[in-house]
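Okay, structure first, notes after.
The values are calculated or read from the model by the stated rules, or taken from the named source; none is laboratory data. Note that the structure is predicted; figures quoted are calculated from it, not measured. Cβ atoms come from the backbone with ideal geometry, glycine included; neighbour counts cover every protein chain shown.
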Amino acid sequence: MPSPPPTARPGIGRALRHRNFRLFFSGQSVSLIGTWITRIATSWLVYRLTGSALLLGVVGFCGQIPTLLLAPVAGVLVDRWDRHKILVWTQALSALQSFALAGLALSGTITVGWVLGLQVMQGLINGFDTPARQAFVVHMVEDRDDLPNAIALNSTMVNGSRIIGPSIGGLIIAAVGEGWCFAIDGVSYIAVIASLLAMRLPARIARPHGGAILDELRTGFEYVTRFAPVRTALLLLALVSLMGMPYTVLMPLIATETLHGGAHTLGFLMTASGIGAVAGALYLASRRSVLGLGRVMVFATIAFGAGLIGFSQARALWSALLVLPVVGAGMMIEMASTNTILQTIVSEELRGRVMAFYTMAFLGTAPIGSLLAGVVAEHVGASPTILLGGIACIAGGIWLSLRLRGLRELVRPIYVERGVIAAVQADAGTARGVP
């Protein structure tokens, strides 16, 4: 492995020295716990009302398909508008969505139709929120050398809340029902809104955009489809999201029908996956350089697929809890490594659009995967469906490994230009870890 660049700083939490990122990290940590409480409550509510694997898939589809449809246009607008203001509005609207769910659930008038409608609303909000959030990270970290660490810490935060949130959600559901889960989520958004408003940001320089939205959209599309490193990273992420991530939608079936448990069991399963994800994120945060992430992505994708295969064969809670950390770590490392590589090589004027396509690959394909998984699980069961997803992910990791050498050659000049690796090092052929 090549030596880290001279500018790399040790310290697993070095990005927290930036005030704005520190504010965001603390506020978002509280909010995301509420988000995961709502996720487990929504899945449990739908399964309790219907007992249908297909409807679990439909709910996942409705919550994320707007992101797939909206993200490309949203990416253009994120490049044009103030990303900070976009995030304040999306967080406020998300809070209202959670309070609406809480009101319906606590009044006893909640139906699957209401859940589907509010899921669509949240999907529309996320279509703007996710690319804006990803593109905004670079504005919270003044030193670009700390950007990979900030992305890894952000992933640690997301998955740390994934450990805490489902456990709390399972307890709340068992004690007082799903409605209070939604209410707690609504209140938790106050923390992230307050952190955003407390930030001190430099005056924003408006980017000139004389062209039409469709012209700018075409520019972004041509970049992500013609530049092989970006195209390959997004295609692999889309495959993993489409075939692998639907295991989370099928969790209630595994918890009840395969493992013969209840809401607590579902919470334990999601927590085990979250523990692995946090471990993976901490590993990335401890890295001093982006060099070598391509090889890391290969191993992570194959490990994710192997973990899914193991989970599909688990017939006892203890065996499922042993293998799920591998699943969580593999998925988190693949996703965050893709994010880091894209953020490192993309130019600022295209950042919003590229992160919108990242959002499409990660979140936008998930609804199709959720719907597909629900349909397949109705016919062959949840475990065989997860098994097929694991096999597809292993195939994707092997595909990336075969392309890695050529991709390194394309990324190396960008890393030399931006000081990630020295020109002498690249000419000598010692930068074997790029990308």
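General remarks:
- 3 or more residues of a type in the set (Phe, Trp, Tyr): qualifying helices (runs of 4 or more DSSP H) within the stretch 73-176: 112-140
- Filter result for residue 290 (buried (at least 20 other Cβ atoms within 10 Å of the Cβ), in contact (Cβ under 8 Å) with a residue 40 or more places away in the chain, outside any helix (DSSP H, G or I) and aliphatic (A, V, I, L, M)): yes
- Residues being basic (Lys, Arg) and under 20 Å from the mean Cα position of the chain (by Cα) - total across the stretch 258-290: 1
- The single residue among 406, 397 that is buried (at least 18 other Cβ atoms within 10 Å of the Cβ) and not hydroxyl-bearing (Ser, Thr, Tyr) turns out to be 397.
- For residue 295, the requirement of being touching a residue at least 24 places away in the same chain (Cβ under 8 Å) and not in a helix (DSSP H, G or I) is not met.
- Restricting the stretch 218-270 to residues that are outside any helix (DSSP H, G or I) and touching a residue at least 12 places away in the same chain (Cβ under 8 Å), the residue that is nearest to residue 341 (Cα to Cα): 227
- Cβ-Cβ contacts under 7 Å between residues 6 or more apart (or on different chains), taken from a first residue in the stretch 47-67 that is within 21 Å of residue 173 (Cβ to Cβ) to a second residue that is surrounded by fewer than 21 Cβ atoms within 10 Å (Cβ to Cβ) and charged (D, E, K, R), are listed as 53/378.
- Every test in (1) modelled with pLDDT under 80; (2) under 25 Å from residue 365 (Cα atoms) is passed by residue 82 save one, and that test is (2).
- Residue 334 being in a helix (DSSP H, G or I), among the acidic types (Asp, Glu), farther than 30 Å from residue 143 by Cβ and in contact with a Ser or Thr (Cβ under 9 Å, 6 or more places away or on another chain): no
- Sole residue being part of a helix (DSSP H, G or I), small (Gly, Ala, Ser), touching a helix residue (DSSP H, G or I) at 6+ places or on another chain (Cβ under 8 Å) and surrounded by fewer than 18 Cβ atoms within 10 Å (Cβ to Cβ), chosen from 373, 392, 377: 392
- All told, residue 322 falls short of being closer than 23 Å to residue 359 by Cα and either surrounded by fewer than 24 Cβ atoms within 10 Å (Cβ to Cβ) or aromatic (Phe, Trp, Tyr) (or both).
- Restricting the stretch 220-231 to residues that are surrounded by 14 or more Cβ atoms within 10 Å (Cβ to Cβ) and more than 12 Å from residue 411 (Cα to Cα), the residue that is modelled with the lowest pLDDT: 220
- When the stretch 37-64 is filtered for residues that are under 21 Å from residue 378 (Cα atoms) and within 17 Å of the chain's Cα centre (by Cα), the ones remaining, listed by number, are 40, 60, 61, 63, 64.
- Index of the failed condition, residue 349 passing every other in (1) buried (at least 24 other Cβ atoms within 10 Å of the Cβ); (2) closer than 25 Å to residue 413 by Cα: (1)
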